[in-house]
Structures are given as C-alpha cells and as structure tokens.
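Written below as structure tokens is the structure these notes are about.
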Amino acid sequence: MSTVKKQQHFVWKHYLKPWIKNDKICCSGHGNIFHTSLDNIAQKRFFYKSEPLNSHEFSFVQSFIEHLHPSAKTSQFGLLRMYCITTNYDDYLQKCGIEDFHGIVEGKFKSVLAKIYGKDLSFFENDEDKNNFSFYVGCQYTRTNKMRANLENAPLKIPESIDKEKIAKVLSLLMGDMIGNWVFSKSKLTLLINDTDENLITGDQPIINTKALNSNKYNPPKEIELYFPITPKIAIYLSDKSMGEQKLNVKEVKEFNEMIIQQSKEQIYSMDKSDLTAKS
C-alpha cells in the first residue's frame, strides 16, 4: 500500500535544487531569513486533499467548462472527472491523488528542465517536449497556495450552497490546463541569461504573470507574459514575441527579483542570505 504523504508541496522540490548551497536553501518569510531543507518550505499538510462536490458545486464547474471554447472541453472535463474519482475511491486517493497527478506532470517535465539547464531550447520545436513543458508551466502557475487563495476570493457569482474552497481546488486544475494551452499554442520563448554578480531569486509563486503586478480581484490582468526563474543564472520568459537568448544586466535582474517578491505569498528563496537581505 502506498504511504500517505501528509506534507504536500505546491512548488516542486526538484525545481528548487539550484538554489541549494551546503544542502540548505535560504528562505525569507514572516520577517525572518533562515536556512532550511527543501522539505520544510512551499508545503502544507494535505494541501491537495480532494473533497466531494455536491450537486450545486458540480453543476457550477460543469457550467464553467461549457462556456469555454469547444477545443478545450475534452481536457477540462477529463480533469474534472479525475478530481471526482479521487474524492470517491479510497482514503489514499482522496488525500494524495492530486499530488500524485502533479508528480506525473513533474516527471514528464524533468528531461525538458535538463535541456533548459544546458540552454538548449530545441524542446520548444518538439511537440511532445513542448506539451510536457507547457502543461508543467500551467500547473505550477496555478497549483500554489497563492493562486488557490486568489481563486477562492475571485469575484465570481457563487451561491451560498457552494464551497469556494472546494471550487478553488478544482479551478486550479482547470486554469492550469488553460494556461498550458496558451503556452503551447500562442506563446514564444525567450531564455534570459544572468551573467552578473546578482543572483536571480525565486519564491512560493515561482511563475508569475508580469502583466498582473498592478492587478487585483476587481481589476484582473488583461494580458499574460510569464516569467519563470530556472536557476540563479537562467530564467524563461514567455510572451507573444521571442528574443531567443537575452542577457540581463544588474538592473534587470533586480527588477525581476522585485517582481518575484511582489507576487510571492509568504516566502522567497535564494542561495545566499546576501541575496535576500536587501530585499526582505
């Protein structure tokens, strides 16, 4: 029998490894800066535990999907079906089924990540690799604690018979698929190279929409451009135009780091305390 995983990560531990130094990552959160292991950050107890939807909640999600473009409905209903299965099968699947799903997404992305480490962008010209990359980006963008909270507080007309927390768990899956579709079908990729002495940082919202920095729930972003730090020296930028490789200067590195800070919910991560001291 599979072991139930209580502490469930909403940022992939393997992704965070480039920020490790001496087996620890430097974390800034709640006014403190400390070194810790990857096991202790970007996680919550049973974060992905799925809850059965009542008839009103199921109808709400179903209506949400029905209003999408027909080409999106097959994958969206597939994700809804998967979520519902995890709520009704057994205790393990209810507590860990969605986390296992994200583990599969991460596993398919791992070889693509290795190519990005080597500054090899050929994966974007291979449909299978591009699909694995795109779906991972979509899922990682929407699976976080911050995005869950954003979805719970979204200005949607939701009846009292509907639990917003449960709906947010389902919508995070559906929105991840939608973001992934945008990445695959419309975005172009730029590799950002940081050869400066300033390190790129990341956070508990590691992929951010740079067009959402001044938005709120009453004024949502109308555009999307995604920034995704990969290591302290490499990042990915997804937009409607590609610049191939672009070298960052110190000012640009600091600007991207500030965006990560602004979009984080509770924690930001770096290799060294010095990378965070001036930013906390």
Requested in this report: Inspect all residues belonging to the stretch 44-56 and state whether any of them is small (Gly, Ala, Ser), at pLDDT 95 or above and not in a strand (DSSP E or B).
Outcome: yes
Report task. Output the number of residues of the stretch 182-195 satisfying the condition of being assigned to a helix (DSSP H, G or I) and either surrounded by 19 or more Cβ atoms within 10 Å (Cβ to Cβ) or not polar (S, T, N, Q) (or both). Result -> 3
Query raised in the report: out of contact with any helix residue (DSSP H, G or I) (no Cβ under 9 Å at 6 or more places or on another chain) and either modelled with pLDDT under 95 or buried (at least 18 other Cβ atoms within 10 Å of the Cβ) (or both): does that describe ASN216?
Result: yes
Query - Whichever residue in the stretch 77-110 is modelled with pLDDT under 95 and either part of a loop (DSSP other than H, G, I, E, B) or touching a Phe, Trp or Tyr at 6+ places or on another chain (Cβ under 7 Å) (or both) and, among such residues, is nearest to LEU174 (Cα to Cα) - result: TYR89
Query - Of the criteria (1) free of Cβ contacts under 8 Å to residues at least 24 places away in the same chain; (2) under 23 Å from the mean Cα position of the chain (by Cα); (3) farther than 14 Å from GLY203 by Cα, which one GLU51 fails - result: (1)
**Report entry** Only one of SER122, SER71 that is over 18 Å from the mean Cα position of the chain (by Cα), over 26 Å from ILE193 (Cβ atoms) and of a type in the set (S, T, N, Q)
**Finding:** SER71
**Report entry** Scan of the stretch 113-128 for residues that are under 17 Å from ASN181 (Cα atoms) and either aliphatic (A, V, I, L, M) or part of a loop (DSSP other than H, G, I, E, B) (or both), ordered by number
**Finding:** ASN126
**Report entry** Complete set of residues in the stretch 102-136 that are without any contact (Cβ under 8 Å) to a residue 24 or more places away in the chain and surrounded by 16 or more Cβ atoms within 10 Å (Cβ to Cβ)
**Finding:** LYS115, PHE123, ASP129
**Report entry** Test for VAL170: is it in contact with a Lys or Arg (Cβ under 9 Å, 6 or more places away or on another chain), crowded, with 17+ Cβ neighbours inside 10 Å, farther than 30 Å from SER274 by Cα and β-branched (Val, Ile, Thr)
**Finding:** no
Query raised in the report: Does the stretch 137-145 include one or more residues that are surrounded by 23 or more Cβ atoms within 10 Å (Cβ to Cβ), outside any strand (DSSP E or B), without any contact (Cβ under 8 Å) to a residue 60 or more places away in the chain and out of contact with any His (no Cβ under 9 Å at 6 or more places or on another chain)?
Result: yes
Query - Where a residue in the stretch 1-30 is modelled with pLDDT of 95 or more and its partner, wherever it lies, is among the polar types (S, T, N, Q) and part of a helix (DSSP H, G or I), with Cβ under 8 Å and at least six apart - result: PHE10/ASN145; VAL11/GLN140; TRP12/GLN140; TYR15/GLN140
Query raised in the report: Would a scan of the stretch 227-243 turn up a residue that is surrounded by fewer than 20 Cβ atoms within 10 Å (Cβ to Cβ) and without any contact (Cβ under 8 Å) to a residue 40 or more places away in the chain?
Result: no
Query raised in the report: Do we have THR86 as of a type in the set (Ser, Thr, Tyr), surrounded by 13 or more Cβ atoms within 10 Å (Cβ to Cβ) and closer than 26 Å to LEU151 by Cα here?
Result: yes
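The values are calculated or read from the model by the stated rules, or taken from the named source; none is laboratory data. Since we're looking at a predicted model, the values are computed, not measured. Cβ coordinates were reconstructed from backbone atoms using ideal geometry, including for glycine residues, and neighbour counts include every protein chain displayed.
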